[in-house]
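The values are calculated or read from the model by the stated rules, or taken from the named source; none is laboratory data. What you are looking at is a predicted structure, and each value in this text was computed from that prediction instead of being measured. Backbone-built Cβ (ideal geometry, glycine too); neighbour counts: all protein chains shown. When the accessible area is computed, the model is the full protein with side chains, heavy atoms only, and any ligands, DNA or RNA have been set aside. Shrake-Rupley method; radii C 1.70, N 1.55, O 1.52, S 1.80 Å.
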Amino acid sequence: MEGRFEATSIEGFVQQLAVSYIRNGYFFYVTGRIPDRKNPRSVDRKFAERYGLTASKWARARRKRAGLANLQYIRFERFFVLLATKGDHPLFEGEGDLIRDVRRVPIKFAGYSIGFRNGTCHVGIEREQYKLVKNYLRDLAVRRSAANLERVFATLPFEPYGGVLKQLHAIRREVNRARKTAGFEPVRWESLRRFRKLVKPFEREDEGEPLFTPDMSPQVASGLGDSYSSLEPSVRK
């Protein structure tokens with residue numbers, strides 16, 4: 001079971017949440033941050049035992065038919081999300097006040113906002129991080145060449161989910177308005193990555209550092225969103 005719940009990259013964590021969990025009805029969630037004094041893998045085992053996280057897909061199907069909730073758990077470094085489907089489960093009694101619905105309150109993690117609306121999972125750049133990226137690129141709009149800006153756009157550390165692409169196109173249009181006024185050539189839309197990298201969330205692989213490094217917030221720089229302490233009381237037990 002060791003490593004079964006531990007995502008080894010930000011990209012894998014987001015992919016697993018969006019594609020494997022939220023898209024399949026795991027709408028209810030609690031986020032948490034494991035205290036520094038705790039061993040993350042021992043917490044993984046504790047949650048697995050407490051919530052039956054290693055149940056087979058057939059057992060999950062039986063629980064669903066019986067009106068019972070199923071749970072999933074995923075962790076990146078010390079940040080974790082515990083998710084549940086609709087149905088009865090002790091989690092809703094023990095952590096009821098802390099549980100959020102991703103259809104109303106998106107999960108914030110590493111500069112991403114991961115939610116569910118209009119019948120589909122939506123992954124975008126979190127609002128404050130989006131403002132940071134937009135201001136950064138707007139500041140460079142008439143100070144860098146088109147080739148340099150295209151390189152920056154191409155190396156932004158966000159996978160091109162639909163919501164992310166929409167936001168980056170909006171930034172590119174704003175940059176090009178400023179460049180047009182100054183008489184500079186535009187940044188081409190081809191500079192944006194349009195295909196996201198598919199990863200194996202729980203396997204390690206060598207990856208290079210992103211070339212885009214503005215002054216991110218401490219939470220984003222460390223790979224954490226801004227809601228990461230809600231389950232600490234449970235972790236302490």
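Of everything in region 117-166 that's of a type in the set (D, E) and assigned to a helix (DSSP H, G or I), which residue is least open to solvent (accessible area, probe 1.4 Å)? Spell out how you get there, then give the answer.
Of all residues in region 117-166, those of a type in the set (D, E) come to 126, 128, 139, 150, 159.
Checking the rest, the ones that are also assigned to a helix (DSSP H, G or I) come to 128, 139, 150.
Details: E128: 108, D139: 85, E150: 24 Å².
Per the criteria, the residue is E150.
Out of I114, I107, report the one residue that is of a type outside the set (F, W, Y), in contact with a Ser or Thr (Cβ under 9 Å, 6 or more places away or on another chain) and open to solvent by less than 20 Å² (accessible area, probe 1.4 Å).
Details: I114 fails: in contact with a Ser or Thr (Cβ under 9 Å, 6 or more places away or on another chain).
From the options I114, I107, the qualifying one is I107.
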